[in-house]
Amino acid sequence: MAERENRRGPRREREEAPEFADRLVAINRVSKTVKGGKRFGFAALVVVGDQKGRVGFGKGKAKEVPEAIRKATEQAKRQMIRVPLKEGRTLHHDMSGRHGAGKVVMRTAPEGTGIIAGGPMRAVFEMLGIKDVVSKSIGSQNPYNMIRATLNGLQKEQSPRSVAQRRGKKVADILPKRDEAPAAAEAEA
């Protein structure tokens, strides 16, 4: 059997497994009534991320739970987005996102705050690699809508570097001067 593998060439194994972490957010059992009784199916919602600024979500449906989770994980890996992080731990600016009746508000937070967020949103932030954030979900409590609203808000985030590049300026021109802010506060006092 080893000879066959050598003749065909080396097998290419995907190295994505250790690279990404995944979090199961919800499993939904659905039943279909048929002539002989009920048939059960399962729907899984999974969030996948590399904890360095990339995150995605996927949903999978199957007759068995592990198969539904596998399908959801593969879909999540296919549709990942990149989010710029400030100092690798928080958001650059406050933002909100919405999907359907679900609305979420996300705010940047000082170091040591931790992740203050509800269930599905917490999963997104942990897989994204955010360590400090304050967030609130308003409206729909449906985990699918909450995750989509969270990703909608995260896609709006812009780093100072991308804003500077778009405007044709330097990053230092866009960010407020650190020396002037305390001096202005002292002058007012």
Next item on the list: Only residues of the stretch 25-48 count here: report those whose backbone N is under 20 Å from the spot 7 Å along Cα→Cβ of residue 63, or say none.
Entry: 28-44
Next item on the list: Using only alpha carbon pairs under 8 Å that are at least six residues apart, calculate the relative contact order of the stretch 82-174 and give it in whole percent.
Entry: 34
Checklist line | Per-peptide average of other Cβ atoms within 10 Å, ordering 154-162, 50-58 highest first | finding: 50-58, 154-162
Item checked: Whole-Hz ³J(HN,Hα) from phi, Karplus 6.51 cos²θ - 1.76 cosθ + 1.60, for the stretch 150-157, glycine and proline x -> 4, 5, 4, x, 5, 5, 7, 5
Check: Excluding residue 126 itself, what net charge comes from residues whose Cβ is under 14 Å from its Cβ, given Lys and Arg +1 and Asp and Glu -1?
Finding: +3
Checklist line | Amide H contacts of residue 81 (H built 1.01 Å from N, under 5 Å, at least 5 apart or other chain) | finding: 55, 56
Checklist line | Whole-number D in µm² s⁻¹ for the stretch 111-155, Kirkwood Cα-pair radius fed into Stokes-Einstein, 37 °C, 0.692 mPa s | finding: 308
Note to self: If amide hydrogens are placed 1.01 Å from N in the peptide plane, which non-local residues have theirs closer than 5 Å to the one on residue 157?
What the structure shows: none
Checklist line | Shape category assigned to the stretch 31-85 from the gyration tensor of Cα positions, a/c cut at 1.5 | finding: prolate
Item checked: Shape metrics for the stretch 82-174, restricted to C-alpha atoms - Rg then Dmax, Å -> 13.6, 42
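We did not get these values from a lab; they are worked out from the coordinates using the rules stated. Just so you know, these numbers come straight off a predicted model, no measurement behind them. Cβ: placed from backbone, ideal geometry, glycine included. Neighbour counts: every protein chain shown.
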